[in-house]
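The values are calculated or read from the model by the stated rules, or taken from the named source; none is laboratory data. Quick caveat: nothing in here was measured; it's all calculated off a predicted structure. Here Cβ is always computed from backbone atoms with ideal geometry, including for glycine, and neighbour counts include all displayed protein chains.
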Amino acid sequence: MAESQSPYPYSAQGLAAIVKCLSDPRFKPYRDLESPGSPAIEHYLYNARLAKSLLFPLHVCEVVVRNAANDVLKANFQSAWYRNPAFESKLIPKTLAALTKAVGNAPTGNVDDLIASMSLDFWSHLFRSAHQSLWWGCFDRVVRAAPATRYADFGMRLRNITGLRNRIAHHEFILNLNLSNYHTEILDVVGYISKETRDWLAAHSTFTRIVRTAPNGSANRAPTLGDRCDANFQCVGMTSTLDQLKEKSMGPWLVYDDVGVSGVITGRELSQYLLTKADADGFLAINEHTAGDVLKEISSCTVFKVLNETEPMIILSNHLTTKLRNVLVADAQGAIKGLIMGAHRRY
């Protein structure tokens, strides 16, 4: 979400059309953040990237909380606790109405289906001060990994998390929030229930990486692909012979066909090709072999991705793999201005 899959050339007309579809009121807070080198549309995309990065932590938190609460409620009020008068009598009218609605909307009468259909709002309400008597003598079984956790602290964090979830679900502006604190609260709530799950979530959450990709027109902005790409490359055609390649440079070479770049040849791929084609005596007439021949023979030459020069360097690890060895860096018009090879993935 909101990560460039290919260079996107903005024009004044195109940007105006995008803003019109998004609506001026929705776009206004992003305009307020605009500065030289940091256009409003980049803040809009940053907001979307952050929202995406928080979906997984929110998902884990919601599932962990509802399952922990369900386990305790089943033990205290039997499997069908949601129909038990002793349980219902402890609910305030608003929470009871939400429960009745959830029961009515559940696809089946199975408790698992019901639990899955209940929103985080419902569970958040169950841990408000008005329902503290519901958890007397058993709250420590909900926060089983940290039984000394105070009920009020748990409920407050859960309410904060629910508010964030609702804002993200409604595609709202979240750049005015201290999202790092929210992320910590999510980890805390999960950790109260299971330290192992908390550590697993922390290891797989992308939030701490994405939060560092904020648009910034100042000199202290995060380095971009355009800042770090290698502009020392040569452009050749499919029919360029290997002796012509060697005359130009030691590589890398971008191989163009009638449509655009069709492959990337580095010294590594060229050496592989020469070894496979050399005869028993080790001789090879390189003027009889072309760049197109190398692309056909060495499959890794044709595995590359084109990214926009404004993308932050931090996203590079998402793209460079053992199979995808090269990233081409393009400007707003789609012209290749440099490349980053797999050997540089640690930039």
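Note on the range 119-158: residues that are within 18 Å of residue 77 (Cα to Cα) and loosely packed, with under 14 Cβ neighbours inside 10 Å amount to 4. Residues in the range 230-288 that are modelled with pLDDT of 85 or more, surrounded by 17 or more Cβ atoms within 10 Å (Cβ to Cβ) and in a loop (DSSP other than H, G, I, E, B): 233, 238, 240, 252, 266. When residues in the range 93-115 are screened for being free of Cβ contacts under 8 Å to residues at least 40 places away in the same chain and in a helix (DSSP H, G or I), 16 of them pass. Against the definition (in a helix (DSSP H, G or I), assigned by TED's automatic domain parsing to the domain that holds residue 156 and either of a type in the set (Lys, Arg) or without any contact (Cβ under 8 Å) to a residue 24 or more places away in the chain (or both)), how does residue 90 come out, yes or no? No.
Looking across the range 116-141, the residues that are out of contact with any Ser or Thr (no Cβ under 9 Å at 6 or more places or on another chain) and assigned to a helix (DSSP H, G or I) come down to 116, 117, 129, 132, 133, 134, 135, 141.
Pairs linking a residue in the range 285-314 that is touching a residue at least 24 places away in the same chain (Cβ under 8 Å) and of a type in the set (Gly, Ala, Ser) to a residue that is part of a helix (DSSP H, G or I) and surrounded by fewer than 20 Cβ atoms within 10 Å (Cβ to Cβ), with Cβ atoms under 9 Å and 6 or more positions apart or on different chains, are 291/244; 300/268; 300/272. Can you say whether residue 149 is closer than 30 Å to residue 31 by Cα and of a type in the set (Ser, Thr, Tyr), as far as the supplied structure shows? So residue 149 fails the test.
Residues are listed down the side, and each one gets a yes or a no for (1) modelled with pLDDT under 85; (2) surrounded by 17 or more Cβ atoms within 10 Å (Cβ to Cβ); (3) not assigned by TED's automatic domain parsing to the domain that holds residue 140:
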position: 17; (1), (2), (3): no, no, no
position: 25; (1), (2), (3): no, no, no
position: 30; (1), (2), (3): no, yes, no
position: 52; (1), (2), (3): no, no, no
position: 61; (1), (2), (3): no, yes, no
position: 64; (1), (2), (3): no, yes, no
position: 82; (1), (2), (3): no, yes, no
position: 104; (1), (2), (3): yes, no, no
position: 109; (1), (2), (3): yes, no, no
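Please work out which residue is surrounded by the most Cβ atoms within 10 Å (Cβ to Cβ), limiting yourself to the range 318-332 and to residues that are more than 19 Å from residue 45 (Cβ to Cβ) and at pLDDT below 85. Among those residues, the one meeting the criterion is 326.
For the range 150-175, which residues satisfy the criterion of being of a type outside the set (Gly, Ala, Ser) and over 22 Å from residue 59 (Cβ atoms)?
Of everything in the range 150-175, those that are of a type outside the set (Gly, Ala, Ser) and over 22 Å from residue 59 (Cβ atoms) turn out to be 150, 151, 153.
Within the range 191-218, being over 16 Å from the mean Cα position of the chain (by Cα) and assigned to a helix (DSSP H, G or I) holds for 191, 192, 193, 195, 196, 197, 198, 199, 200.
When the range 164-190 is filtered for residues that are outside any helix (DSSP H, G or I) and surrounded by 14 or more Cβ atoms within 10 Å (Cβ to Cβ), the ones remaining, listed by number, are 172, 173, 174, 175, 177. Of the residues making up the range 143-163, not a single one is farther than 22 Å from residue 182 by Cα and in a helix (DSSP H, G or I).
Of the listed requirements (1) modelled with pLDDT of 90 or more; (2) within 30 Å of residue 59 (Cβ to Cβ), residue 295 misses just one: (2). One residue is enough: does the range 45-58 have a residue meeting the conditions under 33 Å from the mean Cα position of the chain (by Cα) and over 27 Å from residue 188 (Cβ atoms)? For the range 45-58, residues under 33 Å from the mean Cα position of the chain (by Cα) and over 27 Å from residue 188 (Cβ atoms): present. Annotation note: Cβ proximity below 6 Å between a residue of the range 148-163 that is under 15 Å from residue 135 (Cα atoms) and a residue that is part of a loop (DSSP other than H, G, I, E, B) and β-branched (Val, Ile, Thr) (sequence gap 6+ or interchain) occurs for 149/143.
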